[in-house]
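Down below is the structure, laid out as structure tokens.
The values are calculated or read from the model by the stated rules, or taken from the named source; none is laboratory data. Just so we're clear, the structure is a prediction, and the values are computed from it rather than from any experiment. All Cβ positions, glycine included, derive from the backbone under ideal geometry; neighbour counts span all protein chains shown. The accessibility values were calculated without ligands, DNA or RNA, using every heavy atom of the protein model including side chains. Shrake-Rupley method; radii C 1.70, N 1.55, O 1.52, S 1.80 Å.
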Amino acid sequence: MLDIDPTLPAELGPLQWLVGDWEGTGHVQFAVDEDDVREHAFGQRVTFAHHGLPYLAYSAYAWLLDDELTPLATESGYWSLAREADDRDHGPGMLPRTAAPRTIDDVESLRGDDGAFEIEALIAHPTGVAELYLGRIAGPRIDLATDAVLRSPSAKAHSASTRMLGLVDGDLLWAWDLAALGRPLATHASARLSRVRRLEAPEED
């Protein structure tokens, strides 16, 4: 049975270890063609937050580790359990739900025979790309693969991705494989991030 923070919606129980701010460094290595392999280190800050709804809001910002800390990339999206929508869900649009939210028992019924849960993540990039990932979460490990990639006319070629995230010794480790610029799926980037403690607002006298 899930042991869930009572301040979270029950559906976030399997994902609750992600909640918070994370910061650290990583490395990119990607062949843009056979004779051009790009490599660089970067810093990154990632936030998983919730707003009382059954999904996590995700944002990530990365910068080069040069003297100017040059901005490198940003992305944002939403992560949630994958299950059929019904009257317990909001929407479409701004329509409210018409049934009580799911309970821990309801969430437990979504657990697979192997103990994992199906999840989905929608991640948007300001470069005109949106990725829909489907995958599984088993304890402190997540494996995702794109089910669809949407590109605007101005976006660079980007056809598929896989991502893996895991909690190791209290740190968030992630790895991202990418198929882009006409190249097949290959190692793209990875990082190790530590949880950042938020400063508490001072109490008023």
- Task: Compute the signed sum of charges (Lys and Arg +1, Asp and Glu -1) over the other residues within less than 13 Å, Cβ to Cβ, of Val32.
- Result: -2
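Please compute the per residue accessible area over region 75-162 with all protein chains in place, 1.4 Å probe, rounded to a whole number of Å². Walk me through the intermediate numbers first.
Details: 5140 Å² over 88 residues.
Result: 58 Å² of accessible area for each residue.
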- Note on the structure: Matching label for the computed log10 I(q)/I(0) by the Debye sum over Cα atoms at q = 0.09, 0.11, 0.17 Å⁻¹, out of (i) -0.30, -0.46, -1.17; (ii) -0.33, -0.51, -1.35; (iii) -0.40, -0.59, -1.28, is (iii)
- Query: Relative contact order for region 58-126 using alpha-carbon pairs under 8 Å, separation at least 6, rounded to a whole percent?
  - Reply: 35 percent
- Item | Distance from region 60-131 to region 6-45 (C-alpha centre basis), Å | 14 Å
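Return the carbon/sulfur percentage of the accessible area of region 61-135, one whole number, probe 1.4 Å, all protein chains in place.
Values: 2630 of 4570 Å².
Of all accessible area on region 61-135, carbon and sulfur atoms account for 58 percent.
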- Can you run phi through the Karplus equation (6.51, -1.76, 1.60; θ = phi - 60°) for region 127-144 and list ³J(HN,Hα) in whole Hz, with x for Gly and Pro? 8, x, 10, 10, 10, 9, 9, 10, x, 9, 10, 10, x, x, 9, 10, 10, 10
- Backbone HN-Hα couplings from phi across region 50-64 [Karplus 6.51/-1.76/1.60, Hz, Gly and Pro as x]: 9, 10, x, 9, x, 8, 9, 7, 10, 9, 9, 9, 10, 9, 6
